[in-house]
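Below is one structure, written out as structure tokens; the observations come after it.
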Amino acid sequence: EAQVTQNPRYLITVTGKKLTVTCSQNMNHEYMSWYRQDPGLGLRQIYYSMNVEVTDKGDVPEGYKVSRKEKRNFPLILESPSPNQTSLYFCASSLSFNRELPLHFGNGTRLTVT
Amino acid sequence: AQKITQTQPGMFVQEKEAVTLDCTYDTSDPSYGLFWYKQPSSGEMIFLIYQGSYDQQNATEGRYSLNFQKARKSANLVISASQLGDSAMYFCAMREGGYSSASKIIFGSGTRLSIRP
């Protein structure tokens with residue numbers, strides 16, 4: 001089944017403890033992206049990747065890191081999480097960056113930082 | 001700068017009625033794509049419908065149609081004969097056509113639709 005898989009679904013952690021949210025897609029998509037969803041703000045882009053080894057900042061990159069060493073994987077790293085990073089996170093992918101292509105989303109990761 | 005505005009935070013509609021969810025956008029790029037996504041209470045994001053800026057006809061997908069008014073920069077989602085399962089959050093999104101700008105897909109703040117039985 002074609003899908004974007006995020007893990008974990010739920011994560012509770014403490015301030016400053018490094019964490020990684022994994023994202024993997026099995027559709028050979030070139031484009032991958034991370035979003036955070038907060039009430040009243042919709043989805044905001046954190047980082048995106050046009051292809052392997054090509055990543056760039058979105059609108060809210062502070063406090064996050066990403067890497068794209070393989071086409072299928074695009075992990076999101078929080079080196080020192082803070083409470084303002086408590087949010088619902090989505091990984092998404094598309095075949096390429098063509099404007100006609102919709103995003104395929106993972107099921108989301110709900111992160112709580114205390 | 002590209003921007004998406006959804007002015008209806010929440011809506012209540014009677015089952016079987018049609019409903020229109022508003023979306024306005026702003027872009028200086030003549031080439032762009034507009035999308036609607038549904039997010040049920042379970043949290044996943046489901047792609048509903050796409051409209052290209054050069055498309056002459058309004059997009060339709062089953063009970064979903066897009067009322068695209070290019071001059072007004074609006075792309076309203078119309079759901080005909082609403083069902084209880086349509087209760088969800090709905091997001092409008094835009095993707096510009098240029099190489100670098102197409103990398104950024106922006107979303108509106110969403111409209112929470114509740115269908116009354």
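Summary table
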quantity: Inter-probe distance in nm under a simple model that places probes 7 Å from Cα toward Cβ, at A:Ser82 and B:Gln14; calculated: 5.1 nm
quantity: Chain lengthening between A:Thr15 and A:Val52 when straightened (0.36 nm per residue, less Cα-Cα); calculated: 10.2 nm
quantity: Hydrodynamic radius (Kirkwood) for chain B, which is based on Cα pairs only, to one decimal in Å; calculated: 14.4 Å
quantity: Stretch gain in nm, segment B:Ser114-B:Val78, where the contour uses 0.36 nm per residue and the Cα spacing is subtracted; calculated: 11.5 nm
quantity: Ranked A:Tyr35, B:Tyr25, criterion: other C-beta atoms within 10 Å, fewest first; calculated: B:Tyr25, A:Tyr35
quantity: Net charge dipole size for the range B:55-105 [Lys, Arg +1 and Asp, Glu -1 on Cβ; Debye, nearest 20]; calculated: 200 debye
quantity: GNM flexibility winner over chain A from A:Gly58, A:Gly16, A:Gly40 (Cα, springs under 10 Å); calculated: A:Gly40
quantity: Net dipole in debye of the protein assembly as shown [+1 Lys, Arg Cβ; -1 Asp, Glu Cβ; about Cα centre; nearest 20]; calculated: 380 debye
quantity: Unsatisfied cross-links (Cα-Cα over 23 Å) in the set A:Lys65/B:Lys104; A:Lys69/B:Lys3; A:Lys69/B:Lys104; A:Lys57/B:Lys38; A:Lys57/B:Lys70; B:Lys38/B:Lys104; calculated: A:Lys69/B:Lys3; A:Lys57/B:Lys38; A:Lys57/B:Lys70
quantity: DSSP bridge orientation in chain B - percent antiparallel, rounded to nearest 5; calculated: 90 percent
quantity: Gaussian network model of chain B, springs between alpha carbon atoms under 10 Å - residue of B:Tyr54, B:Tyr90, B:Tyr32 with greatest fluctuation; calculated: B:Tyr54
quantity: Cα-only Debye scattering, the protein assembly as shown: base-10 log of I(q)/I(0) at q = 0.09, 0.15, 0.16, 0.17 Å⁻¹; calculated: -0.37, -1.00, -1.13, -1.24
quantity: B:Ile4, A:Ile77 arranged by Cβ crowding within 10 Å, fewest neighbours leading; calculated: A:Ile77, B:Ile4
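Values quoted throughout were computed directly from the atomic coordinates according to the rules given, and no laboratory measurement underlies them. Worth saying up front: this structure is predicted, and the values here are computed from it rather than measured. Backbone-built Cβ (ideal geometry, glycine too); neighbour counts: all protein chains shown.
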